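Chemist: Handing you this structure, nothing more for now.
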Amino acid sequence: MAHPGVRQAAAVFRADGSAGKLNLVVYIVPDENYIIRVLADPENQQKRIHNRRKTFDLAQLGKQASTFEPGFNIAGWNSSYTRMPIPADQMREWVDVTVQEILSLQPREILEIGCGTGLLLLRIARGVTRYVGIDFAPMVLETLRQEMLEMGGDWNSVTLLERSAANFEGFGDDSFDTVILNSVLQYFPSAAWLIKVLEEVCRVVKPGGRIFVGDVRNLALLDLYAASVELYRAPSNMMLAELRQRALRRTEFEEELVISPAFFLALQKRIPKISTIEVRPKRGRFDNELTRFRFNATLRLGTPSPKPAFVAWLDWVEQPLTLQAVGELLRDQRRETLAIKRITNARVEKDAQTLAALKNSDGKETVGDLRERLDKLKPRGIDPQKLWSVGEELGYRVDVSWTACRSDGSYDVVFQRMDAAGKSASQTIEWPAPESASDNLERYASVPGRAVERQRLADQLLDHCKSQLPNGLSPEALIVLDALPLTVEGKLDRQVLLKADETCV
Amino acid sequence: MDRIEEIRVFFKRLLALRGDRQSFSDQSSFFLSGRLGSVDAVEVVVLLEEKFGIDFTETGFDEAQIDSIDAIQLLIRTAKSPSNVG
């Protein structure tokens with residue numbers, strides 16, 4: 001089978017259990033470069049961008065959209081677990097903490113890429129001299145304009161532009177002191193597209209300016225997320241083997257761009273003008289997918305960072321501390337600095353256990369058994385929000401980091417005592433780094449649409465075979481694999497191959 | 001092929017592209033069950049707009065309206081009923 005999209009192929013006859021006849025089954029290993037080329041095709045990318053834009057416009061056509069108070073339109077913010085809207089009080093907290101983080105950057109001239117219905121803009125714009133909001137969804141922008149009218153008052157600082165995130169036409173070098181990309185990266189079609197946007201963002205931000213990249217879905221936790229959502233949705237009598245397949249499929253067919261914190265570390269190497277990067281879990285008291293699996297990153301440009309101060313790290317895995325013990329260390333010992341690494345994250349502790357159970361399942365356990373086991377689990381970890389609260393209450397600056405990109409969601413924290421003026425001695429920290437680091441940015445991003453294009457290739461090949469070959473000679477099925485299974489002698493392992501039918505066309 | 005059968009084939013293909021070969025009935029949930037995602041919903045919306053003349057700016061949009069073949073049949077009937085004409 002000579003097709004540029006097929007790297008390897010094998011055909012075998014498989015017994016059809018019901019009729020006792022033999023069916024021809026073809027297995028293919030798609031060529032990854034071909035799939036990437038298909039995804040990068042401008043027409044393909046435009047179609048995906050168009051479809052994404054339409055999802056936002058459609059959200060504004062729902063009954064829910066007309067019921068929100070001005071300034072708080074959360075249409076389309078649905079839970080992956082329930083597919084129902086995320087409760088308003090949880091979204092309100094999400095907006096509050098995001099606005100606080102952005103205001104702490106003391107912005108004056110803001111460019112917001114993907115301003116949506118103005119959840120941030122309507123709260124921030126009146127306190128700054130210039131706020132340019134761009135969005136690609138016309139109906140969404142129209143909703144925002146209506147909300148501004150309803151809210152009344154002076155919106156002279158605001159300019160709204162309907163355009164793609166990649167369109168920087170008219171924005172000169174050093175035009176803004178702050179650029180916001182909040183909860184938009186996941187809708188970009190590819191990592192390459194994101195890189196181009198960030199390169200342009202770095203061009204339009206003034207030296208000393210900031211880029212706030214918020215609500216980023218964490219690639220390091222994608223497997224935890226998939227296991228968590230599928231466990232929630234599964235019936236109790238489902239076997240764990242089936243649940244595992246569902247979780248794997250959810251990860252494989254993830255349609256959004258999901259980014260590792262390490263992406264930003266590699267970006268800093270590519271764009272030297274980025275002087276510091278902070279990556280932290282999201283603040284928030286509510287337990288939801290936003291606080292569990294997403295992070296905020298702040299990139300600072302052009303300000304030379306002081307040499308990091310020496311920090312003596314306590315290792316939480318070797319010496320687990322309770323929240324109370326941390327509070328005592330800060331309160332009683334009045335330490336200048338307290339740094340703890342590898343703290344088990346209470347927000348995703350059960351999800352990590354779920355994923356471990358799926359990997360180690362003996363094949364006999366059901367979803368109900370697993371849920372029972374998880375209910376009995378005595379939590380060990382600490383919710384990072386609790387450390388923020390305790391430290392800040394005791395007069396410390398608290399920095400929490402996900403820079404290490406661990407796949408169990410564990411995090412690192414540094415408390416620095418503030419003086420009477422509210423300043424801490426040093427704000428530069430050398431965070432624990434990922435175990436392996438690469439300069440290849442695309443390695444730290446998912447490939448939206450990859451799995452669908454692989455299936456589409458198989459569909460097209462099967463259709464082609466059926467149209468070209470006489471009845472009986474065309475394959476009954478065409479199965480996509482990552483690799484053909486081989487025996488220890490290096491020959492095709494037909495026994496393993498015959499069992500590989502999960503993605504059968 | 002009648003038009004509802006066309007929709008069934010369309011869903012079969014959408015599911016196949018997501019590696020989902022499970023069968024479905026006219027009552028099966030596609031979106032609320034999580035078998036398909038929001039981008040797939042757009043594909044269905046475009047099909048209904050282009051082939052069935054449904055104007056979602058008139059009917060409003062909710063994933064539940066296109067969640068199953070039965071729901072889509074109801075949507076088509078409602079959108080074309082005399083009270084929604086003109």
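Chemist: When you go through (1) closer than 16 Å to A:Tyr232 by Cβ; (2) out of contact with any strand residue (DSSP E or B) (no Cβ under 7 Å at 6 or more places or on another chain) one by one for A:Pro379, which number turns out not to apply?
Modeler: (1)
Chemist: Something else: Take the residues of region B:44-60 that are within 22 Å of A:Glu256 (Cα to Cα) and buried (at least 17 other Cβ atoms within 10 Å of the Cβ): which is nearest to the other protein chains (Cβ to nearest Cβ)? So that I can check it myself, show each step before the final result.
Modeler: Taking region B:44-60 and keeping what is within 22 Å of A:Glu256 (Cα to Cα), we get B:44-46.
This time we only want the ones that are buried (at least 17 other Cβ atoms within 10 Å of the Cβ), so: B:44-45.
Numbers: B:Val44: 11, B:Val45: 6 Å.
Only one residue tops the list, namely B:Val45.
Chemist: Among (1) part of a loop (DSSP other than H, G, I, E, B); (2) among the small types (Gly, Ala, Ser); (3) under 23 Å from B:Thr78 (Cβ atoms), where does B:Gly19 come up short?
Modeler: Evaluating B:Gly19 over (1) part of a loop (DSSP other than H, G, I, E, B); (2) among the small types (Gly, Ala, Ser); (3) under 23 Å from B:Thr78 (Cβ atoms) leaves (3) as the failure.
Chemist: Give the residue that is farthest from A:Ile180 (Cα to Cα), with candidates limited to residues of region A:103-159 that are surrounded by 19 or more Cβ atoms within 10 Å (Cβ to Cβ) and small (Gly, Ala, Ser).
Modeler: A:Ala137
Chemist: Would you please name the residue that is modelled with the lowest pLDDT, looking only at residues in region A:34-80 that are over 22 Å from B:Glu49 (Cα atoms) and among the acidic types (Asp, Glu)?
Modeler: In this case the residue turns out to be A:Glu69.
Chemist: Follow-up question, since we're still on this one. Can you name the residue in region B:4-40 that is surrounded by 20 or more Cβ atoms within 10 Å (Cβ to Cβ) and away from chain A (no Cβ under 13 Å) and is also nearest to A:Leu457 (Cα to Cα) among such residues?
Modeler: Within region B:4-40, the match that is nearest to A:Leu457 (Cα to Cα) is B:Phe11.
Chemist: Could I ask something else about it? Determine which member of the set A:Arg417, A:Arg371, A:Arg347, A:Arg335 is among the basic types (Lys, Arg), over 25 Å from the mean Cα position of the chain (by Cα) and under 16 Å from A:Ala227 (Cα atoms). Write out each step before concluding.
Modeler: Numbers: A:Arg417 fails: under 16 Å from A:Ala227 (Cα atoms); A:Arg347 fails: over 25 Å from the mean Cα position of the chain (by Cα); A:Arg335 fails: under 16 Å from A:Ala227 (Cα atoms).
Matching residue, one of A:Arg417, A:Arg371, A:Arg347, A:Arg335: A:Arg371.
Chemist: Would you check if there is a residue in region A:157-166 being at negative phi, modelled with pLDDT of 95 or more, in contact with a helix residue (DSSP H, G or I) (Cβ under 8 Å, 6 or more places away or on another chain) and of a type in the set (Asp, Glu)?
Modeler: Within region A:157-166, one or more residues are at negative phi, modelled with pLDDT of 95 or more, in contact with a helix residue (DSSP H, G or I) (Cβ under 8 Å, 6 or more places away or on another chain) and of a type in the set (Asp, Glu).
Chemist: Hey, another quick one. Of everything in region A:463-484, what is hydrophobic (A, V, I, L, M, F, W, C) and either closer than 16 Å to B:Leu15 by Cα or more than 14 Å from chain B (Cβ to nearest Cβ) (or both)? Give them in sequence order.
Modeler: Filtering region A:463-484 down to residues hydrophobic (A, V, I, L, M, F, W, C) leaves A:465, A:469, A:473, A:477-481, A:483-484.
Those that are hydrophobic (A, V, I, L, M, F, W, C) and either closer than 16 Å to B:Leu15 by Cα or more than 14 Å from chain B (Cβ to nearest Cβ) (or both): A:Cys465, A:Leu469, A:Leu473, A:Ala477, A:Leu478, A:Ile479, A:Val480, A:Ala483, A:Leu484.
Chemist: So which helices (runs of 4 or more DSSP H) are wholly in region A:269-387 and hold at least 1 residues that are touching a Lys or Arg at 6+ places or on another chain (Cβ under 7 Å) and buried (at least 21 other Cβ atoms within 10 Å of the Cβ)?
Modeler: A:289-293, A:349-360
Okay, residues lined up against (1) farther than 22 Å from B:Phe61 by Cβ; (2) among the polar types (S, T, N, Q); (3) in a loop (DSSP other than H, G, I, E, B):
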| site | (1), (2), (3) |
| --- | --- |
| B:Glu5 | yes, no, no |
| B:Val9 | yes, no, no |
| B:Ser23 | yes, yes, yes |
| B:Ser28 | no, yes, yes |
| B:Gly34 | no, no, yes |
| B:Asp40 | no, no, no |
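Chemist: Here's something else I'd like to know. Touching a Lys or Arg at 6+ places or on another chain (Cβ under 6 Å) and more than 13 Å from chain B (Cβ to nearest Cβ), is that true of A:Pro432?
Modeler: Yes, satisfied.
Chemist: For region B:64-85, indicate whether the set of residues that are surrounded by fewer than 17 Cβ atoms within 10 Å (Cβ to Cβ), within 19 Å of A:Ser80 (Cβ to Cβ) and either without any contact (Cβ under 8 Å) to a residue 24 or more places away in the chain or within 14 Å of chain A (Cβ to nearest Cβ) (or both) is non-empty.
Modeler: Yes, some residue in region B:64-85 is surrounded by fewer than 17 Cβ atoms within 10 Å (Cβ to Cβ), within 19 Å of A:Ser80 (Cβ to Cβ) and either without any contact (Cβ under 8 Å) to a residue 24 or more places away in the chain or within 14 Å of chain A (Cβ to nearest Cβ) (or both).
Chemist: For region A:178-199, name all the residues that are closer than 17 Å to A:Gln45 by Cβ and surrounded by fewer than 23 Cβ atoms within 10 Å (Cβ to Cβ).
Modeler: A:Gln186, A:Tyr187, A:Pro189, A:Ser190, A:Ala191, A:Ala192, A:Trp193, A:Ile195, A:Lys196, A:Val197
Chemist: Could I ask something else about it? Could you give every pair whose Cβ atoms fall below 6 Å, whose first residue belongs to region A:170-195 and is assigned to a helix (DSSP H, G or I), and whose second residue is at pLDDT below 95 and surrounded by 19 or more Cβ atoms within 10 Å (Cβ to Cβ), counting only separations of at least 6 or pairs across chains?
Modeler: A:Tyr187/A:Arg52; A:Ile195/A:Leu441
Chemist: Could you figure out which of (1) assigned to a loop (DSSP other than H, G, I, E, B); (2) in contact (Cβ under 8 Å) with a residue 12 or more places away in the chain isn't true of A:Asp215?
Modeler: (1)
Chemist: Every residue in region A:83-92 that is buried (at least 17 other Cβ atoms within 10 Å of the Cβ) and more than 9 Å from chain B (Cβ to nearest Cβ), please. Can you show your working first?
Modeler: So the first thing to find is which residues in region A:83-92 are buried (at least 17 other Cβ atoms within 10 Å of the Cβ), and the list is A:83, A:86, A:90-91.
A:Ile86, A:Gln90, A:Met91 - these are the residues of region A:83-92 that are buried (at least 17 other Cβ atoms within 10 Å of the Cβ) and more than 9 Å from chain B (Cβ to nearest Cβ).
Chemist: Select from region B:1-49 the residues that are under 12 Å from the mean Cα position of the chain (by Cα) and acidic (Asp, Glu) and write down the one among them that is modelled with the highest pLDDT.
Modeler: Only one residue fits best here, namely B:Asp26.
Chemist: So, of the residues in region A:41-82 that are away from chain B (no Cβ under 12 Å) and not in a loop (DSSP other than H, G, I, E, B), which turns out to be surrounded by the most Cβ atoms within 10 Å (Cβ to Cβ)?
Modeler: Here the answer is A:Gln45.
Chemist: Between A:Val38, A:Val26, which is within 14 Å of chain B (Cβ to nearest Cβ) and either buried (at least 17 other Cβ atoms within 10 Å of the Cβ) or part of a loop (DSSP other than H, G, I, E, B) (or both)? Can you show your working first?
Modeler: On the way: A:Val26 fails: within 14 Å of chain B (Cβ to nearest Cβ).
After ruling out the rest, the residue left standing is A:Val38.
Chemist: Next up: Just the residues that are assigned to a helix (DSSP H, G or I), more than 10 Å from chain B (Cβ to nearest Cβ), out of contact with any Gly (no Cβ under 8 Å at 6 or more places or on another chain) and buried (at least 17 other Cβ atoms within 10 Å of the Cβ), please, taken from region A:232-247.
Modeler: Selection gives A:Leu243, A:Arg244, A:Ala247.
Chemist: Quick check on my filter: what residues within region A:390-436 are farther than 19 Å from A:Gln333 by Cα, among the small types (Gly, Ala, Ser) and in contact with a helix residue (DSSP H, G or I) (Cβ under 7 Å, 6 or more places away or on another chain)?
Modeler: A:Ser407, A:Gly409
The values are calculated or read from the model by the stated rules, or taken from the named source; none is laboratory data. What you see is a predicted model, and the numbers here were worked out from it, not measured in a lab. In this analysis, Cβ positions are derived from the backbone assuming ideal geometry, glycine residues included, and neighbour counts consider all displayed protein chains.
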